[in-house]
Amino acid sequence: MVTFKELSYVYAPDMPYKTTALDRVDLDITEGKITAIIGKTGSGKSTLVQHLNALLLPTSGTLEIEGYTIKAGEKTSKLKELRRKVGLVFQFSEYQLFEETIIKDVAFGPKNFGVSEEEALERAKKALELVGLDPSYYQRSPLDISGGQKRRAAIAGILAIEPEIIVLDEPTAGLDPKGAKEMIGLFAMLNKKMHKTIIIVTHDNEIVYDFADDVTLLDGGKVVCKMKAHDFFAERELLESHDIYRPRIVYLKELLKDKGIMIPDDIHTLADLAAFWRDHE
Amino acid sequence: MKKIVEVKDVIFSYDNEHDALKGVSFDVEEGSYTVILGHNGSGKSTIAKLIAGLLAIKSGSIAVDGKLMSLENIAEIRKMMGIVFQNPDNQFIASTVREDIAFGLENYEVDPLKMDAIIEKYAGLVNMKEYLDKEPSNLSGGQKQRVAIAGILAMRPRLLIFDEATSMLDPTGKEEIKKIIYDLHTDDTLTILSITHDIEEALKADKIIVLNEGRVYKIGSPKEIFSDAKGLRDIGLDIPFTYKVKEAFADVGIRLQEHNKVEDLVEELWSLSKN
């Protein structure tokens, strides 16, 4: 379990333009699940996830993660160990590649954490295979490949560290539909087969609906709610009051309901909807 | 209908080894809303940059408003077009919205006395009038894109190119920009050419040009393009939601019509349920 307790974060606390990005956040994130963090631009999502590997340290409150406790104002040792267990993939992570070759770039992380050169290369190969970059990419420059491939290489760099928790900030932004689907398929596989905890920040509620177990909604640095993803999108008033874009199938079900056609709550795919229609209408 | 852009047999390579465009031909009709659809790496942004004169053509030809593009006339041709790029942060150059919209006008040596009225008119058109004296740091991505559009519209282009202008925005920002695109389309002196992989946006176009691996895969109306679900999926694209519903119902033996709007689809389902 990852637990935020009364955690606040203030940017530029001593300046006239200080901003409270997180405001007394209490939140549990369940291990082994896919959790989506959603909310408008500026709601505190990125600030929240940067606490997970101690890139940001709380201004007040506590974070418990992977057996470590990070408390505001207290110096925390073992941050490096924590960062090995929690891999953070930034937004537009493709801009962070820097080595001469892709294989070196991906091996950089494990090497940095004290893994032997040989082992780091092995891990890099395994990670590249997971993200779908075959051996013909090993010796290519990260600058020479397409944007989607760069992003996969950047994600491989995090996977090579073999973290328990993988945190992704807008991993599908700017990808085409196929690229986005493959990317999400990869995270679902890491979750289901390798039992990694996945925490994903996204604006794409279609992805949240189809892939996430849980949803946490942030607004103005506060946690509005944490719910099962499918239950969350059934809360019409909550969605409307927070101006949340509905997945299209949810919107379709709402419109049908307005016409007096009730669709059961457990129908979440078009195939199920069509089968229900055939049997009942 | 008069053609404002004529692309003929265009081949282009960035590195002289791999061709990004392998012989592309299509036309864009004046006053139309035309979408170029394709996955990442299909060549759609390359063709946009060639039309805008940001890359030099190597083989084939591009004519804009009947004039063959060349290094000699590129500056003149460019005056009739405007481009909105992907990244809102790279396009905001001034310190306030007002100055940002004024930048292009100043370059075109518009009479300073007339400038304020022009700026207000176009800021109003993109619903940014109340933000005229705001700084870019106070604006969302969608608002910055709207300012970019206003700055371009103020120069009265006849061809407006959107190069993945919504892909970096959040859902609210995407909707804001798409609404402006649809509104602008009511002006039939303005041609809109939108490069995108947003299939829902493409539904509203007059014509869709689908690119794949540097070639034209298909040209047609939204209905013609989206009736080919398998072909589109094979090239890394997909079909819009309403078409997916039709497909899922067809799989269980229920035939539905094609619809562009979910609301119209619901009307059909409702009338089916009554019978």
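The values are calculated or read from the model by the stated rules, or taken from the named source; none is laboratory data. What you see is a predicted model, and the numbers here were worked out from it, not measured in a lab. Neighbour counts are summed over all protein chains in view; Cβ atoms, including those assigned to glycine, are modelled from backbone coordinates with ideal geometry.
(1) within 7 Å of chain B (Cβ to nearest Cβ); (2) under 27 Å from the mean Cα position of the chain (by Cα): which one isn't true of A:Ala275, the others all being true?
Result: A:Ala275 fails condition (2) only.
For B:Ile219, all conditions in the list (1) in contact with a helix residue (DSSP H, G or I) (Cβ under 9 Å, 6 or more places away or on another chain); (2) without any contact (Cβ under 8 Å) to a residue 60 or more places away in the chain; (3) more than 10 Å from chain A (Cβ to nearest Cβ) hold save one; what is the number of the exception?
In the conditions (1) in contact with a helix residue (DSSP H, G or I) (Cβ under 9 Å, 6 or more places away or on another chain); (2) without any contact (Cβ under 8 Å) to a residue 60 or more places away in the chain; (3) more than 10 Å from chain A (Cβ to nearest Cβ), B:Ile219 misses (2) alone.
Show me the helices (runs of 4 or more DSSP H) found entirely inside the stretch B:20-119 where at least 1 residues are touching a residue at least 60 places away in the same chain (Cβ under 8 Å). Let's see the steps before the verdict.
Details: elements: B:44-51, B:74-78, B:97-107.
In the stretch B:20-119, the matching helices (runs of 4 or more DSSP H) lie at B:44-51.
Quick one: A:Asp243 ticks every box in (1) surrounded by fewer than 18 Cβ atoms within 10 Å (Cβ to Cβ); (2) without any contact (Cβ under 8 Å) to a residue 12 or more places away in the chain; (3) within 11 Å of another protein chain (Cβ to nearest Cβ); (4) closer than 21 Å to B:Phe241 by Cβ except a single one, so which number is it?
It fails just one condition, (2).
If you scan the stretch B:43-84, which residues turn out to be within 14 Å of another protein chain (Cβ to nearest Cβ) and either in contact with a Lys or Arg (Cβ under 8 Å, 6 or more places away or on another chain) or at pLDDT 90 or above (or both)?
Quick first cut of the stretch B:43-84, residues within 14 Å of another protein chain (Cβ to nearest Cβ) only: B:43-46.
Of everything in the stretch B:43-84, those that are within 14 Å of another protein chain (Cβ to nearest Cβ) and either in contact with a Lys or Arg (Cβ under 8 Å, 6 or more places away or on another chain) or at pLDDT 90 or above (or both) turn out to be B:Gly43, B:Lys44, B:Thr46.
Do you know which residues across the stretch A:206-225 are among the acidic types (Asp, Glu) and in a loop (DSSP other than H, G, I, E, B)?
Going residue by residue through the stretch A:206-225, those that are among the acidic types (Asp, Glu) are A:206, A:210, A:213-214, A:219.
Matches in the stretch A:206-225: A:Asp213 only.
Is it true that some residue in the stretch A:15-23 is closer than 24 Å to A:Phe113 by Cβ, touching a strand residue (DSSP E or B) at 6+ places or on another chain (Cβ under 6 Å) and either of a type outside the set (Phe, Trp, Tyr) or surrounded by 18 or more Cβ atoms within 10 Å (Cβ to Cβ) (or both)? Full working, then the answer.
Step one: of the stretch A:15-23, the residues closer than 24 Å to A:Phe113 by Cβ are none.
Checked against the condition, which is being closer than 24 Å to A:Phe113 by Cβ, touching a strand residue (DSSP E or B) at 6+ places or on another chain (Cβ under 6 Å) and either of a type outside the set (Phe, Trp, Tyr) or surrounded by 18 or more Cβ atoms within 10 Å (Cβ to Cβ) (or both), the stretch A:15-23 yields no hits at all.
Quick check on this structure: which one of B:Ile47, B:Ile57, B:Ile51 is more than 30 Å from B:Arg146 (Cβ to Cβ) and buried (at least 17 other Cβ atoms within 10 Å of the Cβ)?
B:Ile57
One line per residue, one yes/no per condition, for (1) surrounded by fewer than 20 Cβ atoms within 10 Å (Cβ to Cβ); (2) within 30 Å of B:Ile235 (Cβ to Cβ):
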position	(1), (2)
A:Ser93	no, yes
A:Lys104	yes, no
A:Phe113	yes, no
A:Glu129	yes, yes
A:Ser136	yes, yes
A:Ala154	no, yes
A:Ile158	no, yes
A:Ile165	no, no
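Go through the stretch B:128-158 and give me each residue that's touching a residue at least 40 places away in the same chain (Cβ under 8 Å), in a loop (DSSP other than H, G, I, E, B) and touching an Asp or Glu at 6+ places or on another chain (Cβ under 9 Å).
Hit for the stretch B:128-158 is B:Arg158, nothing else.
Output the number of the condition that B:Leu237 fails; it satisfies all remaining conditions of (1) over 23 Å from B:Glu258 (Cα atoms); (2) in a loop (DSSP other than H, G, I, E, B).
(1)
Pull up the stretch B:248-261, narrow it to residues that are surrounded by fewer than 18 Cβ atoms within 10 Å (Cβ to Cβ) and in a helix (DSSP H, G or I), then point me to the one that is farthest from the other protein chains (Cβ to nearest Cβ).
So the residue we want is B:Ala250.
Find the residue count for the stretch B:159-172, including only residues that are within 12 Å of chain A (Cβ to nearest Cβ) and either charged (D, E, K, R) or in contact with a Ser or Thr (Cβ under 6 Å, 6 or more places away or on another chain) (or both).
Adding up the residues that qualify gives 2.
If only one of A:Ile267, A:Ile263 is within 11 Å of chain B (Cβ to nearest Cβ), of a type outside the set (Phe, Trp, Tyr) and touching a helix residue (DSSP H, G or I) at 6+ places or on another chain (Cβ under 8 Å), which one is it?
Numbers: A:Ile267 fails: within 11 Å of chain B (Cβ to nearest Cβ).
The match here is A:Ile263.
So, B:Asp89, is that one within 14 Å of chain A (Cβ to nearest Cβ) and acidic (Asp, Glu) or not?
Numbers: within 14 Å of chain A (Cβ to nearest Cβ): yes; acidic (Asp, Glu): yes.
So B:Asp89 passes the test.
Restricting to the stretch B:183-201, and then to whatever is surrounded by fewer than 23 Cβ atoms within 10 Å (Cβ to Cβ) and within 17 Å of B:Val28 (Cα to Cα), can you tell me which residue is nearest to the other protein chains (Cβ to nearest Cβ)?
Within the stretch B:183-201, the match that is nearest to the other protein chains (Cβ to nearest Cβ) is B:Ile192.
Check B:Leu265 against each of (1) surrounded by 15 or more Cβ atoms within 10 Å (Cβ to Cβ); (2) assigned to a helix (DSSP H, G or I); (3) out of contact with any His (no Cβ under 8 Å at 6 or more places or on another chain) and name the one condition it does not meet.
It fails just one condition, (3).
Restricting to the stretch A:170-192, name every residue that is in a loop (DSSP other than H, G, I, E, B), out of contact with any strand residue (DSSP E or B) (no Cβ under 8 Å at 6 or more places or on another chain) and touching a residue at least 40 places away in the same chain (Cβ under 8 Å).
First pass over the stretch A:170-192, keeping only residues in a loop (DSSP other than H, G, I, E, B): A:170-176.
Adding the requirement that they be out of contact with any strand residue (DSSP E or B) (no Cβ under 8 Å at 6 or more places or on another chain) leaves A:172-176.
Selection gives A:Ala173, A:Gly174.
Name the residue that is surrounded by the fewest Cβ atoms within 10 Å (Cβ to Cβ), counting only residues in the stretch A:246-272 that are among the basic types (Lys, Arg) and over 25 Å from the mean Cα position of the chain (by Cα). Before you say what the answer is, go through the steps one by one.
Taking the stretch A:246-272 and keeping what is among the basic types (Lys, Arg), we get A:246, A:248, A:253, A:257, A:259.
Keeping just the survivors that are over 25 Å from the mean Cα position of the chain (by Cα) gives A:253, A:257, A:259.
On the way: A:Lys253: 24, A:Lys257: 12, A:Lys259: 14.
So the residue we want is A:Lys257.
Of the residues A:His203, A:His195, which is under 18 Å from the mean Cα position of the chain (by Cα), under 21 Å from A:Val25 (Cβ atoms) and part of a loop (DSSP other than H, G, I, E, B)?
Numbers: A:His195 fails: under 21 Å from A:Val25 (Cβ atoms).
Selected residue: A:His203, the only one of A:His203, A:His195 that is under 18 Å from the mean Cα position of the chain (by Cα), under 21 Å from A:Val25 (Cβ atoms) and part of a loop (DSSP other than H, G, I, E, B).
If we scan the stretch B:214-223, do we find a residue that is buried (at least 19 other Cβ atoms within 10 Å of the Cβ), touching a Lys or Arg at 6+ places or on another chain (Cβ under 9 Å) and either assigned by TED's automatic domain parsing to the domain that holds B:His185 or among the small types (Gly, Ala, Ser) (or both)? Don't jump to the end; show me each part of the working.
If we filter the stretch B:214-223 for residues that are buried (at least 19 other Cβ atoms within 10 Å of the Cβ), which is where we start, we get B:214, B:216-217, B:222.
Filter once more, keeping what is touching a Lys or Arg at 6+ places or on another chain (Cβ under 9 Å): B:214, B:222.
Then keep just the ones that are either assigned by TED's automatic domain parsing to the domain that holds B:His185 or among the small types (Gly, Ala, Ser) (or both); that gives B:214, B:222.
Yes - at least one qualifying residue is present in the stretch B:214-223.
State yes or no: is B:Lys204 within 17 Å of the chain's Cα centre (by Cα) and of a type outside the set (S, T, N, Q)?
yes
For the stretch A:40-75, give me each residue that is under 13 Å from the mean Cα position of the chain (by Cα) and within 14 Å of chain B (Cβ to nearest Cβ).
A:Lys45, A:Ser46
Considering only residues that are charged (D, E, K, R) and within 7 Å of chain A (Cβ to nearest Cβ), look in the stretch B:231-247 and name the one that is surrounded by the most Cβ atoms within 10 Å (Cβ to Cβ).
Only one residue fits best here, namely B:Asp238.
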